[in-house]
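One structure is given below, encoded as structure tokens.
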Amino acid sequence: LMPVVENKEVIGGMNEVWATDFVASGIVDCTPHPKADNIPGSDNNVRYYVCKGDVPTSLDSIELEEKRSVVFTCEDQPIVPVFVIAVDGAGKWDYCTVLVEVKPGSDPNPCESDNVPSVLIQGAITTEDDQAVEQVTVSLSGAAFETKETKDDGQYSFENLEAGYDYSVTPSLDLNHLNGVSTFDLVLISKHILGIEILDSPYKLLAADVNNSRNVTTLDLIQVRKLILNIDTEFASSTSWIFVKKDYSFPDLRNPWAETTPSIINMNNLEDDYLTGDFIAIKRGDVNGSAIANSRMAAPRNVTGVFEIQTEDQKLKAGNEYTVSFTSEELAEIQGYQFTLNFDQTALELVDINYGVATEEHFGLTHVGEGVITTSWNVGSYKLPEAAADLFSIVVRAKSDATLSELLSISSRYTQAEAYNQAGQDLDVALDFGNASTQDAGFALYQNSPNPFVAETQIGFSLPQASKVTITINDVTGKTLRVIRAEFDKGYNKVDINDLSAGVMYYTLTAGDFTATKKMVKIQ
């Protein structure tokens with residue numbers, strides 16, 4: 001039992017336990033409950049309830065949704081029986097009896113103590129730019145154990161804690177390592193390493209040190225680029241966010257590793273409310289502060305132009321090999337670029353990549369089986385040519401007769417399509433085929449993955465701007481099996497598809513004037 005506090009006085013003890021906390025092993029049932037609980041190791045077809053009192057004889061006498069948890073108080077000491085009830089989708093049910101030992105969880109005993117004062121711990125978690133950070137798990141340990149998750153205001157608080165004891169607060173967040181990480185961060189980190197433009201705050205230096213080596217080196221560049229290229233999905237040596245106590249003063253602003261930075265707040269013999277439990281959150285890999293820290297920050301990119309990559313359109317004949325070169329007359333005007341290059345794997349086979357300005361380290365082939373090449377390049381110590389630069393070329397074998405411009409496209413499917421001019425402003429990326437046919441990172445419908453699939457698959461697509469989208473799934477006879485209508489964001493999006501019968505199907509995406517259809521197969 002934990003203390004119940006009113007007006008800074010302990011008036012008793014209480015604890016609430018959910019019905020699912022009593023489930024040692026989940027029940028497998030053939031009739032799924034529409035509100036089934038997620039129990040590891042079971043088919044998750046059952047809804048669980050718990051109650052004290054008399055043995056249940058029927059569900060008619062039980063207000064089930066009010067019995068999703070049970071509250072224990074001092075009056076339940078030392079042992080009290082409870083009834084854990086399982087209900088399936090057909091209304092069939094059964095229960096088991098559990099004997100619960102109820103005892104004080106703190107000293108002094110909340111069921112015996114009078115006039116025990118309480119204290120409050122609260123704080124805020126923000127970035128260096130004072131943006132609130134959402135979804136941070138804040139853990140309290142010491143004389144009490146609790147966890148809270150910050151909302152879009154970055155605030156957290158622990159209330160009604162017993163005074164006079166030791167407490168510690170620890171924040172953590174390890175979601176979406178790619179958030180805020182782009183090739184422009186590589187540009188800035190490279191300039192720092194070369195001494196051209198030094199990162200001007202200890203927080204940016206900590207953000208750049210993604211391998212936790214207590215220094216910023218080319219090894220950090222390698223890890224960041226692998227993340228951008230989708231070779232890696234997370235940093236191997238760090239969580240996506242780290243935290244530093246806000247009132248901490250760095251002894252050397254140019255060397256934040258001079259001493260261990262405090263990532264925990266410790267409070268000893270806490271007698272009064274602690275209202276300054278604030279932390280600075282640092283997104284690893286993001287040195288220009290572009291990470292979306294909370295749901296209120298989501299905003300479109302401020303694009304100031306287009307970076308064009310040229311290649312020559314040509315007719316392809318099945319069975320022949322072709323070398324497709326990519327050049328740009330604007331390379332000297334940018335500091336870096338990144339994008340996803342898509343090729344239709346049903347019509348083209350990738351044989352090789354010939355490197356130019358962009359070398360092997362600038363490419364990711366993790367998803368080449370899906371017809372995807374990721375690329376990220378930035379200016380380093382390399383001197384740019386004055387004429388049009390040969391970025392790279394790909395060697396492909398045609399599987400069928402086709403036109404090249406119908407088979408290649410640029411998107412943000414895995415690596416966001418963007419470039420950066422000399423002023424550090426964002427540019428879109430477009431593919432120019434030299435015949436008045438230019439493809440930018442606009443509309444695109446991708447092959448579902450996996451395909452064929454057994455239970456679930458994902459349909460991915462790209463949009464040039466946020467818009468309403470309709471996805472229709474039909475069988476081979478034209479019968480409509482599923483219609484999905486929703487508003488989606490600019491760039492790459494995906495939807496999960498499940499609960500379909502086995503067979504050959506076609507899915508069609510419609511967004512404004514854009515329509516595209518692809519085939520998918522579900523197997524038993």
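For the condition open to solvent by 50 Å² or more (accessible area, probe 1.4 Å) and either farther than 30 Å from residue 226 by Cα or free of Cβ contacts under 8 Å to residues at least 24 places away in the same chain (or both), residue 434 qualifies.
Within segment 376-390, not a single residue is over 22 Å from residue 302 (Cβ atoms), modelled with pLDDT under 95, in contact with a Leu (Cβ under 8 Å, 6 or more places away or on another chain) and surrounded by 21 or more Cβ atoms within 10 Å (Cβ to Cβ). Of the residues that make up segment 321-328, is at least one open to solvent by 60 Å² or more (accessible area, probe 1.4 Å) and in a strand (DSSP E or B)? Yes, some residue in segment 321-328 is open to solvent by 60 Å² or more (accessible area, probe 1.4 Å) and in a strand (DSSP E or B).
Of 391, 350, all but one fail to be among the aliphatic types (A, V, I, L, M), within 24 Å of residue 223 (Cβ to Cβ), in contact with a Phe, Trp or Tyr (Cβ under 9 Å, 6 or more places away or on another chain) and not in a loop (DSSP other than H, G, I, E, B); the exception is 391. Going residue by residue through segment 128-135, is there one that turns out to be open to solvent by less than 40 Å² (accessible area, probe 1.4 Å) and out of contact with any helix residue (DSSP H, G or I) (no Cβ under 8 Å at 6 or more places or on another chain)? Yes, segment 128-135 has at least one match.
Results for (1) part of a loop (DSSP other than H, G, I, E, B); (2) within 30 Å of residue 143 (Cα to Cα), shown as yes or no for each residue.
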residue: 38; (1), (2): yes, no
residue: 50; (1), (2): no, yes
residue: 56; (1), (2): yes, no
residue: 60; (1), (2): no, no
residue: 82; (1), (2): no, yes
residue: 94; (1), (2): no, no
residue: 99; (1), (2): no, yes
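Taking into account only those residues within segment 481-521 that are modelled with pLDDT under 90 and among the charged types (D, E, K, R), which is nearest to residue 446 (Cα to Cα)? Per the criteria, the residue is 518. In the set (1) surrounded by fewer than 18 Cβ atoms within 10 Å (Cβ to Cβ); (2) over 30 Å from residue 321 (Cβ atoms); (3) β-branched (Val, Ile, Thr), the condition left unmet by residue 469 is number (1). When residue 306 is tested against the conditions (1) assigned to a strand (DSSP E or B); (2) farther than 30 Å from residue 425 by Cα; (3) open to solvent by 50 Å² or more (accessible area, probe 1.4 Å), the lone failure is (2). One residue stands out in segment 28-56 among those that are of a type in the set (A, V, I, L, M, F, W, C) and over 16 Å from residue 97 (Cβ atoms): the one that is surrounded by the fewest Cβ atoms within 10 Å (Cβ to Cβ), namely 30. Scanning segment 75-90 for residues that are open to solvent by 30 Å² or more (accessible area, probe 1.4 Å), touching a strand residue (DSSP E or B) at 6+ places or on another chain (Cβ under 9 Å) and among the hydrophobic types (A, V, I, L, M, F, W, C) turns up just one, 79.
The values are calculated or read from the model by the stated rules, or taken from the named source; none is laboratory data. From a predicted model like this one, the values you see are computed outputs, not experimental measurements. With ideal geometry, Cβ positions are generated from the backbone for all residues, glycine too; neighbour counts draw on all protein chains shown. Remember, those area values only see protein heavy atoms, side chains included, never the ligands or the DNA or RNA. Shrake-Rupley method; radii C 1.70, N 1.55, O 1.52, S 1.80 Å.
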